[in-house]
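One structure is given here, and the rest of the page talks about it.
The values are calculated or read from the model by the stated rules, or taken from the named source; none is laboratory data. It should be emphasised that the depicted structure is a prediction, and the values quoted were computed from it without experimental measurement. Methodologically, a virtual Cβ is constructed for each residue, glycine included, from the backbone with ideal geometry; neighbour enumeration extends over all protein chains shown. Ligands, DNA and RNA are excluded from the accessible area calculation, which covers all protein heavy atoms including side chains. Shrake-Rupley method; radii C 1.70, N 1.55, O 1.52, S 1.80 Å.
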Amino acid sequence: MTKKVSLVVPCFNEEKTIPLFYAALQAVKPQLRGAELEYWFINDGSQDTTMAVLRDLQQKDPQQVHYISFSRNFGKEAALYAGLQATTGDYVAVMDADLQDPPEQLVDMLAGIEDEGYDVVGTRRIDRAGEPVIRSFFANTFYRFINKISSTPIKNGVRDFRLMTRQVVDAVLSMSEYNRFSKGILSWVGFNTKYLSYENRDRVAGKTSWSFWKLVRYSIDGIVDFSDAPLVLASFVGFASFLVSLMGIAFVIVRKIIYGGSVTGWASMVSVILMVGGLQLLCLGILGKYIGSIYLEAKKRPIYIIKEKK
Ligand code: UDP
Ligand code: MG
């Protein structure tokens, strides 16, 4: 029986890369053990001519090419969710449109699933060459930190690019949360996963849509979505400062008994008040971040809104 491989491709301003992507995949197709292909391009509110390019491609190859177009930009995570929901293949691959995910690796991925019995074959970066040093530093720090405080392992350098069996896709889809941190979700569902090594490569055209601050916000969301350690930290800090204040009180009483009254020391007093006030605000902020997430989940808003689908 011939198998079908579905490809989920989120596209945000990818007018230049989509035709190259399609050509590259068609070139790899003959090596995929005669599998059928099904493309799902998700236009995530692009502002360039991505939509026209997709319509054109769909008309040329209506058998294989499908697209979903969102009513605005909902983010890559939402695009992945919409794409996974639409797929009908036995195996599903998640790929970026910019060809940073080498299509040739699909051949090895397929072998990993069909011959070696894995449920998921993903890719993991072996170097961060070509990336700004500061960015690598923060990325490495983030991974070390989140793995300390989260029980869901989130491996450094694992990319979204992967091939999954239908069973895994259904598991991922069953996580219908609004705050979608894919790196966490894909790891949380478990299953036997194999990682192929991946050497960093540049996008073929266009430019990345991730600024440094976008990445910082993304990391914070990831921590909030997959760990409650910061909340514990707040109670811990509170308890520690309580202990310190006990020691302070003991000190003041002893000094009063030995030396009598004194008016000096107001500066240290003010610093302590400021410090405690600051810690309280920090903890409130952490609490607020979690409550904000709960608020968004509780509203049960749709993860994306479709304007056009074919
Ligand atoms: N993308 C998207 N919505 C967004 C941002 C990005 O669908 O809001 C897509 C983008 O078109 C690409 C993939 O996500 O196919 C990865 O984006 P990008 O190449 O900009 O990220 P990087 O590879 O630099 O991490
Ligand atoms: Mg990219």
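Numbers below:
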item: Residue ID - farthest from ligand 1 (Cβ to nearest atom), chosen from residues in the stretch 199-222 that are farther than 23 Å from residue 19 by Cβ and of a type in the set (Ser, Thr, Tyr); result: 219
item: The stretch 7-27, residues that are polar (S, T, N, Q) and either away from ligand 2 (no atom under 13 Å from the Cβ) or in a loop (DSSP other than H, G, I, E, B) (or both); result: 13, 26
item: Within the stretch 28-45, tally of residues that are in a loop (DSSP other than H, G, I, E, B) and touching a Pro at 6+ places or on another chain (Cβ under 9 Å); result: 1
item: Residue check, residue 48 assigned to a loop (DSSP other than H, G, I, E, B), within 28 Å of residue 210 (Cα to Cα) and open to solvent by 40 Å² or more (accessible area, probe 1.4 Å); result: yes
item: Scan of the stretch 51-72 for residues that are within 18 Å of residue 25 (Cβ to Cβ), in contact with a strand residue (DSSP E or B) (Cβ under 6 Å, 6 or more places away or on another chain) and surrounded by fewer than 14 Cβ atoms within 10 Å (Cβ to Cβ), ordered by number; result: none
item: Selection within the stretch 65-75 - modelled with pLDDT of 90 or more, closer than 24 Å to residue 181 by Cα and not aliphatic (A, V, I, L, M); result: 67, 69, 70, 71, 72, 73, 74
item: Single residue of 90, 119 found to be within 19 Å of residue 8 (Cα to Cα), open to solvent by 50 Å² or more (accessible area, probe 1.4 Å) and at pLDDT 90 or above; result: 90
item: Output for the stretch 37-60, where each listed residue is among the charged types (D, E, K, R) and farther than 16 Å from residue 103 by Cβ; result: 44, 48, 55, 56, 60
item: Condition met for residue 129 (of a type in the set (Gly, Ala, Ser), more than 16 Å from ligand 1 (Cβ to nearest atom), surrounded by fewer than 18 Cβ atoms within 10 Å (Cβ to Cβ) and on the phi < 0 side of the Ramachandran plot); result: no
item: Candidate set: the stretch 1-22, residues that are more than 16 Å from ligand 1 (Cβ to nearest atom) and open to solvent by 10 Å² or more (accessible area, probe 1.4 Å); chosen: the one farthest from residue 83 (Cα to Cα); result: 1
item: Meets criteria (surrounded by 22 or more Cβ atoms within 10 Å (Cβ to Cβ) and under 26 Å from residue 172 (Cβ atoms)) for residue 80; result: yes
item: Residue in the stretch 78-96 that is within 16 Å of ligand 2 (Cβ to nearest atom), assigned to a loop (DSSP other than H, G, I, E, B) and of a type in the set (Gly, Ala, Ser) present; result: no
